[in-house]
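The values are calculated or read from the model by the stated rules, or taken from the named source; none is laboratory data. It should be emphasised that the depicted structure is a prediction, and the values quoted were computed from it without experimental measurement. Counting neighbours? That spans all protein chains shown, and the Cβs are built from the backbone with ideal geometry, glycine included.
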Amino acid sequence: MEEFVVYVLFSEKFNKNYTGYTSNLIERFKSHNCLDKKGHTLKFRPWKVIHVEFFNNKSDAMKREKYLKTGVGRESIQNIIRNL
């Protein structure tokens, strides 16, 4: 069974965060920090993973990612960042 991860990245240098989901966190993290040649996360490197949540299916992971991008979800991410 494939596992999915919702993750939050944080760039201390730029005080930015990014939320996404993937089935391979290690490879996705490498993409955000090293491999990608274009995209939103490129200009805010380096990133560090500050939060992960695991799901048994893609649908639940997508719902959680969408929630974390709402106002209430963003506030919970800010609480995580404040406690770093």
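So, of the residues in region 56-79 that are basic (Lys, Arg) and without any contact (Cβ under 8 Å) to a residue 12 or more places away in the chain, which turns out to be nearest to residue 18 (Cα to Cα)? Within region 56-79, the match that is nearest to residue 18 (Cα to Cα) is 74. Consider region 62-84 and keep the residues that are in a helix (DSSP H, G or I) and of a type in the set (S, T, N, Q). The one that is surrounded by the fewest Cβ atoms within 10 Å (Cβ to Cβ) is 79. Filtered by the rule that a residue be in a strand (DSSP E or B) and either at pLDDT below 95 or of a type in the set (Lys, Arg) (or both), region 2-29 gives a lone residue, 16.
Quick check, is residue 32 assigned to a strand (DSSP E or B) and in contact with a helix residue (DSSP H, G or I) (Cβ under 6 Å, 6 or more places away or on another chain)? Judged against the criteria, residue 32 is not a match.
Across region 51-61, the number of residues qualifying as assigned to a helix (DSSP H, G or I) and touching a Phe, Trp or Tyr at 6+ places or on another chain (Cβ under 8 Å) comes to 3.
When residue 6 is tested against (1) more than 14 Å from the chain's Cα centre (by Cα); (2) touching a residue at least 60 places away in the same chain (Cβ under 8 Å), only condition (1) is not met. In region 33-55, the residues that are free of Cβ contacts under 8 Å to residues at least 60 places away in the same chain reach residues that are in a loop (DSSP other than H, G, I, E, B) and of a type in the set (Phe, Trp, Tyr) with C-beta atoms within less than 6 angstrom, at least six apart or across chains, in these pairs: 33/47; 44/14. Per the conditions (1) at pLDDT 95 or above; (2) within 11 Å of the chain's Cα centre (by Cα), the sole criterion not satisfied by residue 41 is (1).
Each residue in region 1-29 was checked for being surrounded by 13 or more Cβ atoms within 10 Å (Cβ to Cβ), touching a helix residue (DSSP H, G or I) at 6+ places or on another chain (Cβ under 8 Å) and of a type outside the set (A, V, I, L, M), and 12 pass.
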